[in-house]
Amino acid sequence: MVSYTRTASSPAAREPRAHGCSLALAYFSEPIPRGHGSAQQRVAERTAWFGRARNAVADTDLVFLDPDNGLEVPSAPLTSPLASKYATVAEIVALLDDGLGIVLYQHGNRAPWPEQ
């Protein structure tokens, strides 16, 4: 998870220059838990992970999400061991509720573009 803000909010923030603007960069590098244990444990670990990620980007304006496979799909709910490959709608809504802009990288599936 990478996020940007117009002013530095922490000592760890970097300030790249983009078109004359000073932007602070926060990078949350902790991997999403990979789905070991029971379904309840997976949900608890993911919820705790997202809480830490949300706190890390709290003082920023824009968050870039690059999940392995994109936005959640019905075949991999949060209780699934595969859930770590997806960003969930609930997580995105929570970030939007925090006033953050979101950029999400989404893979297309193998169907022709008009069918996606």
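What follows is calculated from the coordinates using simple rules that are stated; it is not laboratory data. Predicted, not measured: the structure shown is a model, and the values here were computed from it. Every residue, glycine among them, receives a Cβ derived from its backbone with ideal geometry; neighbour counts consider all protein chains shown.
Amide H neighbours of Asp61 under 5 Å, at least 5 residues apart or on other chains, H built in the peptide plane: list them.
Residues meeting the amide H criterion: Tyr4, Thr5, Arg6.
Segment 28-116: which trypsin sites (Lys or Arg not before Pro) are DSSP loop and have at most 12 other beta-carbon atoms within 10 angstrom?
Arg34, Arg110
Quick one: net charge of His36's neighbours, Cβ under 14 Å, K/R +1, D/E -1?
+2
Order of Thr88, Thr47, Thr60 from fewest to most other C-beta atoms within 10 Å? Don't skip to the end; give the middle numbers.
Details: Thr88 17, Thr47 13, Thr60 26.
Fewest to most other Cβ atoms nearby, the residues stand as Thr47, Thr88, Thr60.
I want the local charge near Ala83. Using Cβ-Cβ distances under 9 Å, sum +1 for each Lys or Arg and -1 for each Asp or Glu among the other residues.
Values: positive: Arg42, Arg46, Lys85; negative: Glu72.
Here the count lands on +2.
Over segment 24-116, what relative contact order in percent results from Cα pairs under 8 Å that are six or more residues apart? Please list the in-between numbers first.
On the way: 102 pairs, mean separation 29.0, N = 93.
With pairs under 8 Å counted, the relative contact order is 31 percent.
Find the centroid of the Cα atoms in segment 84-98 and in segment 39-61, then give the distance between the two in whole Å.
10
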